[in-house]
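Participant: Before I ask anything, let me first share the structure, which is written out below as structure tokens.
The values are calculated or read from the model by the stated rules, or taken from the named source; none is laboratory data. In this text the structure is predicted, and so the values were computed from the model without any measurement. When we count neighbours, we look across all protein chains shown, and the Cβ atoms used for this are built from the backbone with ideal geometry, even at glycine.
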């Protein structure tokens, strides 16, 4: 009898000890305020009350498409590429379907979903292979798709959008690469432009960096090799406020090169694994900036592909 008890209890004790060790090894930041099973992070801030408040910002009914046009020649973080192939399937040697000769074109997409205007889901950025909620690659990152935190879990993002025009704040036509938006810069720019940052906001930054793709003097190589963007103190400030998403008109949202030599994409880590905040990249914010729009209804409905880490998007701003 005693042997049987030992056979049952000993493995249970060992398993409990292993679980306790794992819990102790889990970084403090890896505990989500929305619970151990949460799948959507800061999107939990998208309450009916906040959505209704955001709808109240619509006064003119003017719609702004924030998704830049993306193609095979769009600069992208290596090794990301894409291509589109248009076919007329099963129609090469006939007049189409039916007596009415129905013909059609279809297209095949081959490429990375994190290219051009995109949303980074919460399974994207990590710290030494530890992600939002303390999940590790072995826990959820399968080659066939994420088993947790996939973008199919996100219903979309709707809320109060805020544009901070950093080109206007710095008094330049286009913000130079390597310019970090610090907490003090963001606070001062918001005050200059008469807008308050609040919990649950979608905060977008305009630098006119997109002019390097389609402006008077395009330079796609420069566009993709560095960028202005959110710095470490700026990211910490936005996370402290409790924003829902942060986006910019650059390919990586945060400053490149980094403020500290040898550090890579620290703002991504502050936003995503540590705070569950979504990242939006390559958004064309110039029309909003040109019209002096700083508050608007933000609407994003991404394709809900099961297990996807990122997604090409076309968010809409409505003033």
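Participant: Show the residue pairs that are 6+ apart or on different chains and have beta-carbon atoms under 7 Å apart, the first residue being within the stretch 233-249 and at positive phi and in contact (Cβ under 8 Å) with a residue 40 or more places away in the chain, the second being part of a helix (DSSP H, G or I) and surrounded by fewer than 24 Cβ atoms within 10 Å (Cβ to Cβ).
Facilitator: Sorted first by the residue in the stretch 233-249, then by its partner, the pairs are 242/45.
Participant: Among residues belonging to the stretch 274-299 that are assigned to a strand (DSSP E or B) and over 11 Å from the mean Cα position of the chain (by Cα), point out the one that is farthest from residue 63 (Cα to Cα).
Facilitator: Ranking the candidates gives 295 first.
Participant: Return yes or no: is residue 139 surrounded by fewer than 17 Cβ atoms within 10 Å (Cβ to Cβ) and without any contact (Cβ under 8 Å) to a residue 40 or more places away in the chain? Steps first, answer last, please.
Facilitator: On the way: surrounded by fewer than 17 Cβ atoms within 10 Å (Cβ to Cβ): yes; without any contact (Cβ under 8 Å) to a residue 40 or more places away in the chain: yes.
When the stated conditions are applied, residue 139 passes them.
Participant: Name the single residue that is nearest to residue 259 (Cα to Cα) among those in the stretch 181-209 being touching a residue at least 60 places away in the same chain (Cβ under 8 Å) and buried (at least 20 other Cβ atoms within 10 Å of the Cβ). First the steps, then the outcome.
Facilitator: Going through the stretch 181-209, the residues touching a residue at least 60 places away in the same chain (Cβ under 8 Å) turn out to be 181, 193-195, 199-200, 202, 204-206, 208.
Those still in the list that are buried (at least 20 other Cβ atoms within 10 Å of the Cβ) too: 181, 200, 202, 204-206, 208.
Values: 181: 10, 200: 27, 202: 24, 204: 20, 205: 18, 206: 19, 208: 21 Å.
Filtering the stretch 181-209 for residues that are touching a residue at least 60 places away in the same chain (Cβ under 8 Å) and buried (at least 20 other Cβ atoms within 10 Å of the Cβ), the one nearest to residue 259 (Cα to Cα) comes out as 181.
Participant: Which one of 155, 79 is surrounded by fewer than 16 Cβ atoms within 10 Å (Cβ to Cβ), within 16 Å of the chain's Cα centre (by Cα) and either modelled with pLDDT of 95 or more or at positive phi (or both)?
Facilitator: Numbers: 79 fails: within 16 Å of the chain's Cα centre (by Cα).
Criteria check complete, one pass: 155.
Participant: If residue 292 passes every condition in (1) touching a strand residue (DSSP E or B) at 6+ places or on another chain (Cβ under 7 Å); (2) surrounded by fewer than 18 Cβ atoms within 10 Å (Cβ to Cβ); (3) on the phi > 0 side of the Ramachandran plot but one, which one does it miss?
Facilitator: Of (1) touching a strand residue (DSSP E or B) at 6+ places or on another chain (Cβ under 7 Å); (2) surrounded by fewer than 18 Cβ atoms within 10 Å (Cβ to Cβ); (3) on the phi > 0 side of the Ramachandran plot, only one is false for residue 292: (1).
Participant: Could I ask something else about it? Looking at (1) crowded, with 19+ Cβ neighbours inside 10 Å; (2) closer than 12 Å to residue 309 by Cβ; (3) touching a helix residue (DSSP H, G or I) at 6+ places or on another chain (Cβ under 6 Å), find the lone condition where residue 123 falls short.
Facilitator: (3)
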